[in-house]
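One structure is given here, and the rest of the page talks about it.
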Amino acid sequence: MGSGAADVDPPLVAAVRAGDTDLARSLLLEDDGPEMLDFAFCLAVGTYSGALAQMLLDHGADPSRCEAEALLPLREAVASGSPALCEALLDGRVRNTYSKSELLDMRDLARRWHETGVETELRRLTGSQGTLVRTRVQDDEYYSVDEYALGARTVRDGHAAILTRLEELLGIRTSFQELMARALNHGQDHTAWGNATILLAHRRDQETWAAAAALRTHPEPARRLFGAEVLRLTHLLDDSDEDAFVGPALDLFIDWSTEEGDVTVLTEVLVALGDHADPRADAALVGYAGPPDARVRCAVARGLSSWPEPPAFSDDVRETLLVLMTDTDAVVRQSACLTVAVSRDRDLVFADAMAALLDDADRRVQLVAVYGLALHDDERCVSGADRLPSAPPGTPHEHELDAVWRYERRRDSR
């Protein structure tokens, strides 16, 4: 499969070769067969496109069907600093092809890059004292990293996350303090932070819980934020019947919400409260529907969706959602509308509030209003969908509009 005029690439391969994530995502909805997926996966890895490689894995690509020489050596992936790329090569179907000694070497390589620093290591390897260009880039679907370019060489700064992942695969229990230090070198949206909090949350032991809870009173907001996220994920990711931390988490976050002064940390605490289907969590959330920061109001709007809620919201929750549906911030309006849309509370006041958003200035708010009216079996979803502005070019399929089609089928069958 070439790229010349006489040998045109299939669309999926062309999208991967061009690094077009959105186009590849759309094309993956079509069934091109496993061979095409596997070839595209090898190409994505070979071009250092970790996010595309992860996407292809999610859609069925099998790295074990790739020729060994077609896959990028793990050493090159580790040195690249892309956690997404390393994760693709550490997929469970090919992980056993690496010996323990090789994984230990890769751990040492990741540690050297992490401890030395990307800039220092890049200058050592290239011998260049030229201008270093630093750019924030998306590494996978959820997290970003910094990318450093020096001359013709480019390296990402995800080595701390790669180190954490390799230690986990090797059965090495890294201390809470060390994982936190790696995270705090970066921001909350960095892969190093995400890998650390998720790994600690999966431990679900009293030692980790106590270490995270102790950060609640730390004077540095970043450490409080780290602790709050570990505690939130400990409960959220626990799918066991016991869920031993659900009660302690709810009590802790209710108290924490009353004393937290940093907006970013408070938002994390409110998001954590939204993970609890409990009237006490709702009561705590309602009290934060009015602060000036939109992030806080958005956390309230989303948190009140509380999972298997009763058929109707409480009066306080209902009033809060109606107010948030008219918020000055479009994301808050959209979040509140979505909460109402997927709820089982079918009070006409909600349908009317969603209908009022069909003329909202923000298209995403309009779309969610159409979706909600369809779920609530309200005929106004049809006219709302008809007058919805055209989606911007490149917009993925909007599943919300499928709800309108399903509503029309239900209506016509009746």
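Quick notes on this structure:
- The requirement of being surrounded by fewer than 16 Cβ atoms within 10 Å (Cβ to Cβ), assigned by TED's automatic domain parsing to the domain that holds Asp9, at pLDDT 85 or above and in contact with a Ser or Thr (Cβ under 9 Å, 6 or more places away or on another chain) is fulfilled somewhere in segment 55-70, by at least one residue.
- For segment 99-113, the criterion of a residue being of a type outside the set (Ser, Thr, Tyr), touching a Gly at 6+ places or on another chain (Cβ under 7 Å) and at pLDDT below 95 is satisfied by no position.
- Residues (closer than 16 Å to Asp278 by Cα and among the acidic types (Asp, Glu)) located in segment 290-339: Glu309, Asp315, Asp316
- Which numbered condition Thr154 fails, given (1) of a type outside the set (Phe, Trp, Tyr); (2) part of a loop (DSSP other than H, G, I, E, B); (3) touching a strand residue (DSSP E or B) at 6+ places or on another chain (Cβ under 8 Å): (2)
- Residue within segment 196-215 that is in contact (Cβ under 8 Å) with a residue 40 or more places away in the chain and more than 21 Å from Arg112 (Cβ to Cβ) present: yes
- Residue list for segment 370-400, restricted to those being outside any loop (DSSP other than H, G, I, E, B) and within 22 Å of Ala24 (Cα to Cα): Glu400
- Enumeration of residues in segment 92-119 that are in contact (Cβ under 8 Å) with a residue 60 or more places away in the chain and not hydrophobic (A, V, I, L, M, F, W, C): Arg95, Lys100, Arg107, His114
- Look at segment 120-137: where a residue is within 14 Å of Gly81 (Cα to Cα) and a partner is small (Gly, Ala, Ser), sitting 6+ places away or on another chain with Cβ atoms under 7 Å, you get Arg136/Ser144; Val137/Ser144.
- For segment 341-378, a residue qualifies if it is of a type in the set (Val, Ile, Thr) and within 23 Å of the chain's Cα centre (by Cα), and the qualifying residues are Val342, Val365, Val368.
- Look at (1) touching a helix residue (DSSP H, G or I) at 6+ places or on another chain (Cβ under 6 Å); (2) among the β-branched types (Val, Ile, Thr); (3) assigned by TED's automatic domain parsing to the domain that holds Tyr371 and you find that Thr326 fails only one, number (1).
- Annotation for segment 259-268: at least one member residue is under 25 Å from the mean Cα position of the chain (by Cα) and within 17 Å of Ser305 (Cα to Cα).
- Test: residue in segment 234-244 that is on the phi < 0 side of the Ramachandran plot, in contact with a Leu (Cβ under 7 Å, 6 or more places away or on another chain) and not small (Gly, Ala, Ser): no
- Subset of segment 86-103 [surrounded by fewer than 15 Cβ atoms within 10 Å (Cβ to Cβ) and within 20 Å of Glu167 (Cβ to Cβ)]: Gly92, Arg95, Asn96, Thr97, Ser99, Lys100, Ser101, Glu102
- Arg364 being assigned by TED's automatic domain parsing to the domain that holds Arg302, at pLDDT below 95 and either surrounded by fewer than 24 Cβ atoms within 10 Å (Cβ to Cβ) or in contact with a Lys or Arg (Cβ under 8 Å, 6 or more places away or on another chain) (or both): no
- Residue in segment 77-85 that is surrounded by fewer than 13 Cβ atoms within 10 Å (Cβ to Cβ) and not in a loop (DSSP other than H, G, I, E, B) present: no
- The set of residues in segment 212-248 being over 22 Å from the mean Cα position of the chain (by Cα), modelled with pLDDT under 95 and not hydroxyl-bearing (Ser, Thr, Tyr) consists of Asp241, Glu242, Asp243, Ala244, Phe245, Val246, Gly247, Pro248.
- Ser335 surrounded by 15 or more Cβ atoms within 10 Å (Cβ to Cβ) and either outside the structural domain of Leu388 (by TED's automatic domain parsing) or in contact with a Cys (Cβ under 6 Å, 6 or more places away or on another chain) (or both): yes
- Residues in segment 91-148 that are part of a strand (DSSP E or B) and within 24 Å of Phe41 (Cβ to Cβ): Val137, Gln138, Ser144, Val145, Glu147.
- Scanning segment 234-288 for residues that are of a type in the set (A, V, I, L, M, F, W, C) and not in a helix (DSSP H, G or I) returns Leu237, Ala244, Phe245, Ala277.
- Taking segment 131-161 as the range and being closer than 20 Å to Glu115 by Cβ, within 18 Å of the chain's Cα centre (by Cα) and not charged (D, E, K, R) as the test, the residues that pass are Val145, Gly158, Ala161.
- For first residues located in segment 60-80 and more than 27 Å from Glu147 (Cα to Cα), partners that are part of a loop (DSSP other than H, G, I, E, B) and among the hydrophobic types (A, V, I, L, M, F, W, C) and lie 6+ apart or on another chain with Cβ distances below 6 Å form the pairs Ser64/Val94.
The values are calculated or read from the model by the stated rules, or taken from the named source; none is laboratory data. This one's a predicted model, so the numbers in the text were calculated from it and none came from an experiment. Here the Cβ is made from the backbone with ideal geometry for all residues, glycine too, and neighbour counts use every protein chain on show.
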